[in-house]
Amino acid sequence: MLAELSPALIAEVKLAAKLLKTKQRICLLTGAGISAESGIPTFRDKQTGLWENYTAEELATPEAFARDPKLSWSWYQWRRQSVADKKPNPAHHALAQWQYDSQTSAQQLTLITQNVDDLHEQSGSTVTHLHGNLWRNRCNQCGVPHQNHARDSYDNDNTVQFEDTLITCSHCDGYIRPDIVWFGEALPMKEWQIAEDAANNCEVFISIGTSSIVYPAAGLAQLAKQNGAHVIEINPNPTRNTIVDITLAEKAGIILPLLVQEMTQL
Ligand code: OAD
């Protein structure tokens, strides 16, 4: 694998590993790019098939749900169907390994994700979800959590069908919606606090597979930088982020296993 990477990139990975080895408080923020190698399209990828004429913004807002709840719900049921059989890739596994190793080292890792899939959890990581969870539902009106979705009974043959019929709340009769943060909605307070604290207090902030354009999550790297942290970015198409100290311009599934391996060898 090393042979396929340019000497300059390998040198950057080694530099990042050296830096990380000397630091204790690390904050990691992942975005859709980390799940791309598992077969889940990113947000900036054009939608395909049934939904190609819609943008995520047209389906994932409180206004869209109020206007046409069935349309939004159908889209999420379709997304559930398409994500249900997806598995963590080497990037998720490397982070889980690093987190596991940190239990016996002096490092303190805080893993934050903007993703609503559960691939970090599937790989064994502990993660804070800033934008909600694709597999949870709640009432759009009274907010009461709805029973877990069919994820638990998913049988790995992709035979469970995620019906697009709307469900109503047994308490107030409001429509059930996915427990996901939509455009224009506030982030969950507890999760945001964890992210803000970790960004404020970290010595190194690592941004992985995110276009860094959706705030407030995109502001976490700036917060870390203001407080003296080094910023590392892992993205095959690096963002125009001027606060980045080390850019690792390759897929997360290639860089992260290498980075973790480098650290263990130091
Ligand atoms: P985006 O789709 O905006 O960006 C994905 C990023 O991943 C891009 O910068 C890609 O270059 C990069 N990428 C692609 N493949 C990669 C790979 N194999 N390894 C590493 N990086 C790769 O996704 P997010 O930044 O996560 O919000 O989007 C942020 C938020 O915008 C989402 O959480 C969602 C969306 O609207 C909500 O749902 C509230």
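The values are calculated or read from the model by the stated rules, or taken from the named source; none is laboratory data. These numbers come from a predicted model, not from an experiment. Backbone-built Cβ (ideal geometry, glycine too); neighbour counts: all protein chains shown. Accessible surface is based on the protein model in full, side chains and every heavy atom, while ligands, DNA and RNA are left aside. Shrake-Rupley method; radii C 1.70, N 1.55, O 1.52, S 1.80 Å.
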Checklist entry - Considering only region 213-239, how many residues are in contact (Cβ under 8 Å) with a residue 40 or more places away in the chain and within 19 Å of Ile194 (Cβ to Cβ)? => result 6
Checklist outcome for this item: Per the list (1) more than 15 Å from the ligand (Cβ to nearest atom); (2) among the small types (Gly, Ala, Ser); (3) touching a strand residue (DSSP E or B) at 6+ places or on another chain (Cβ under 8 Å), residue check on Gly228 breaks on (3)
Item to check | Breaking point among (1) of a type in the set (A, V, I, L, M); (2) touching a strand residue (DSSP E or B) at 6+ places or on another chain (Cβ under 8 Å); (3) open to solvent by 20 Å² or more (accessible area, probe 1.4 Å); (4) not assigned by TED's automatic domain parsing to the domain that holds Leu259, for Leu15 | outcome: (4)
Next on the checklist: If I filter region 18-41 down to residues being within 15 Å of the ligand (Cβ to nearest atom) and open to solvent by 40 Å² or more (accessible area, probe 1.4 Å), which single residue comes out as modelled with the lowest pLDDT?
Outcome noted: Pro41
Checklist outcome for this item: The number of residues in region 111-134 that are in a strand (DSSP E or B) and buried (at least 21 other Cβ atoms within 10 Å of the Cβ) is 5
